[in-house]
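The values are calculated or read from the model by the stated rules, or taken from the named source; none is laboratory data. Because the structure is a prediction, the values reported are computed rather than measured. Methodologically, a virtual Cβ is constructed for each residue, glycine included, from the backbone with ideal geometry; neighbour enumeration extends over all protein chains shown.
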Amino acid sequence: MRVRDDFVAVTVPGFDCMGLALDLWDDVSVHAMTGPTSVIVEGEGAGNVEQGEDNLVVRALRFALDRVGAPQVGVRMHCTNRIPHSRGLGSSASAIVAGVALARALVGEEDVLGRQEILQIGTQMEGHPDNVAPAVFGGATVAWMDEETNAVGSLRLTPPAGVEPVVFIPDFKLRTATARAALPDTIAHVDARFNVARAAALAAALSGQAQASGGADMHCVLMEATRDRLHQEQRRSAMEPSLALVDWLRGAGYAAVVSGAGPTVLSLEAVGADVRREAAASGWRVLPLGVAATGVQITRGSLAKVAF
């Protein structure tokens, strides 16, 4: 069996609730066997990630099999990773979603481990539905979790023309735990109100159905809707080059934000060639990427042609 799982950028000001699936994919294949588990990793993370039972994809696969009462098996797995690790791009969420989707492929039953169940199980492992939902459903998503029942829900949005993401990936990593530790325990009501308004505006803009007042175009809406007071400035000391790039891009007229916990920077608009060249010359890996219309896909095996 083989699955493809897409690249996720988490957007501000929809901090911890919004995400965007981008058109860069990890490919994972698995074969059931009777011997011990083996994992081959090529591309991003090769030589640094676990290659046995502790591999995150394998752990997610086993967790999902247990959840549906399916027997465990030895696996031979091959991962071709294209999503950079520890860069705020959702590589862990994508690996978990891939593992749960592989469990669906191994079980081979259409009504087992559908997308909503993949979202629920993936969130239980990863902890943040905003990271998991784009990898499951594609497009832009708003996601939440009920704190009493742990039930997860999401909305999928289809971004309109004019949303043409570009990512700027640095050559340094930032652990999510480090980025989260930089955040204050409390925030001012005025700042919460500021971000709620921008997050709502961003969701409306990414739905492709919004009509702005005063004749404002998509660029103007995206510039305003990507302003933030809750987490970017608070993390400046942990990723000064990233915030400096955000400042520079926004000063040049691009709707740029920190992607997830950083340190990658995301522009929601196409960026001029001169800007891309200058950023690349400063050590940033610049990737213009489309929005992925679909989430995780099973591309081989008995369920490869079954929509779910």
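Any idea which of (1) surrounded by 20 or more Cβ atoms within 10 Å (Cβ to Cβ); (2) modelled with pLDDT under 95; (3) in a strand (DSSP E or B) is the one Thr299 doesn't satisfy?
Condition not satisfied by Thr299: (1).
Taking region 136-181, which residues are outside any loop (DSSP other than H, G, I, E, B) and under 20 Å from Pro263 (Cα atoms)? Even if it seems obvious, please write down each step before you answer.
We begin by selecting, within region 136-181, every residue outside any loop (DSSP other than H, G, I, E, B); these are 136-137, 140-145, 152-157, 166-169, 176-181.
Val166, Val167, Phe168, Ile169, Thr176, Ala177, Thr178, Ala179, Arg180, Ala181 - these are the residues of region 136-181 that are outside any loop (DSSP other than H, G, I, E, B) and under 20 Å from Pro263 (Cα atoms).
Filter region 28-74 for residues that are touching a residue at least 60 places away in the same chain (Cβ under 8 Å) and within 21 Å of the chain's Cα centre (by Cα) and give the result.
To start, the set of residues in region 28-74 that are touching a residue at least 60 places away in the same chain (Cβ under 8 Å) comprises 28-30, 32, 59-60, 63.
Selection gives Val28, Ser29, Arg59, Ala60, Phe63.
Here is a list: Leu102, Leu113. Which entry is over 10 Å from the mean Cα position of the chain (by Cα), surrounded by 24 or more Cβ atoms within 10 Å (Cβ to Cβ) and assigned to a loop (DSSP other than H, G, I, E, B)?
Numbers: Leu102 fails: assigned to a loop (DSSP other than H, G, I, E, B).
Result of the check over Leu102, Leu113: Leu113.
Restricting attention to region 182-189, does a residue exist that is assigned to a helix (DSSP H, G or I), surrounded by fewer than 14 Cβ atoms within 10 Å (Cβ to Cβ) and modelled with pLDDT of 95 or more?
So far as region 182-189 goes, yes, one or more of its residues are assigned to a helix (DSSP H, G or I), surrounded by fewer than 14 Cβ atoms within 10 Å (Cβ to Cβ) and modelled with pLDDT of 95 or more.
Could you grab me the full set of residues in region 230-267 that are crowded, with 19+ Cβ neighbours inside 10 Å, of a type outside the set (A, V, I, L, M, F, W, C) and under 25 Å from Pro184 (Cα atoms)?
Of everything in region 230-267, those that are crowded, with 19+ Cβ neighbours inside 10 Å, of a type outside the set (A, V, I, L, M, F, W, C) and under 25 Å from Pro184 (Cα atoms) turn out to be His231, Gln232, Arg235, Ser242, Ser259, Gly260, Gly262, Pro263, Thr264.
Going by the structure shown, is Ala197 part of a helix (DSSP H, G or I), among the small types (Gly, Ala, Ser) and modelled with pLDDT of 95 or more?
Yes: the conditions hold for Ala197.
Is it the case, given these coordinates, that Glu53 is modelled with pLDDT of 95 or more, closer than 24 Å to Thr176 by Cα and charged (D, E, K, R)?
Working: modelled with pLDDT of 95 or more: yes; closer than 24 Å to Thr176 by Cα: yes; charged (D, E, K, R): yes.
For Glu53, the condition - modelled with pLDDT of 95 or more, closer than 24 Å to Thr176 by Cα and charged (D, E, K, R) - is met.
A quick yes/no check of all residues on (1) in contact with a strand residue (DSSP E or B) (Cβ under 7 Å, 6 or more places away or on another chain); (2) closer than 30 Å to Arg276 by Cα; (3) of a type in the set (Gly, Ala, Ser):
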site	(1), (2), (3)
Phe137	yes, yes, no
Glu148	no, no, no
Phe172	no, yes, no
Thr178	no, yes, no
Ala188	no, no, yes
Gly214	no, no, yes
Leu222	no, yes, no
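Of Val286, Val265, which residue is more than 17 Å from Ala135 (Cβ to Cβ), within 14 Å of the chain's Cα centre (by Cα) and modelled with pLDDT of 95 or more?
Values: Val286 fails: within 14 Å of the chain's Cα centre (by Cα).
Every option except Val265 fails the conditions.
Which of (1) on the phi < 0 side of the Ramachandran plot; (2) in contact with a helix residue (DSSP H, G or I) (Cβ under 7 Å, 6 or more places away or on another chain) is the odd one out, the single condition Gly262 does not satisfy?
Condition (1) is where Gly262 drops out.
Based on this model, can you work out whether Val196 counts as of a type outside the set (Phe, Trp, Tyr), assigned by TED's automatic domain parsing to the domain that holds Leu268, out of contact with any Phe, Trp or Tyr (no Cβ under 9 Å at 6 or more places or on another chain) and surrounded by 15 or more Cβ atoms within 10 Å (Cβ to Cβ)?
It is false that Val196 is of a type outside the set (Phe, Trp, Tyr), assigned by TED's automatic domain parsing to the domain that holds Leu268, out of contact with any Phe, Trp or Tyr (no Cβ under 9 Å at 6 or more places or on another chain) and surrounded by 15 or more Cβ atoms within 10 Å (Cβ to Cβ).
Quick check on region 72-89. Is at least one of its residues within 24 Å of Gly208 (Cα to Cα) and either modelled with pLDDT under 95 or assigned to a strand (DSSP E or B) (or both)? Quick ask: steps written out before the conclusion?
Taking region 72-89 first, the residues within 24 Å of Gly208 (Cα to Cα) are 89.
Subsequent filtering for residues that are either modelled with pLDDT under 95 or assigned to a strand (DSSP E or B) (or both) retains 89.
Within region 72-89, one or more residues are within 24 Å of Gly208 (Cα to Cα) and either modelled with pLDDT under 95 or assigned to a strand (DSSP E or B) (or both).
Please go through region 200-216 and pick out each residue that is in contact (Cβ under 8 Å) with a residue 12 or more places away in the chain and in a loop (DSSP other than H, G, I, E, B).
Answer for region 200-216, where residues must be in contact (Cβ under 8 Å) with a residue 12 or more places away in the chain and in a loop (DSSP other than H, G, I, E, B): just Gly208.
Scanning for something assigned to a loop (DSSP other than H, G, I, E, B) and out of contact with any Cys (no Cβ under 9 Å at 6 or more places or on another chain), does region 239-250 turn up at least one residue?
There is at least one residue in region 239-250 that is assigned to a loop (DSSP other than H, G, I, E, B) and out of contact with any Cys (no Cβ under 9 Å at 6 or more places or on another chain).
Looking only at region 236-260, which residues are β-branched (Val, Ile, Thr) and within 16 Å of Arg180 (Cα to Cα)?
Once the filter is applied, which keeps residues that are β-branched (Val, Ile, Thr) and within 16 Å of Arg180 (Cα to Cα), region 236-260 yields only Val258.
Between a residue in region 124-152 that is free of Cβ contacts under 8 Å to residues at least 60 places away in the same chain and outside the structural domain of Val100 (by TED's automatic domain parsing) and any residue that is charged (D, E, K, R) and surrounded by fewer than 20 Cβ atoms within 10 Å (Cβ to Cβ), which pairs come within a Cβ distance under 6 Å, given they are 6 or more apart or on different chains?
none
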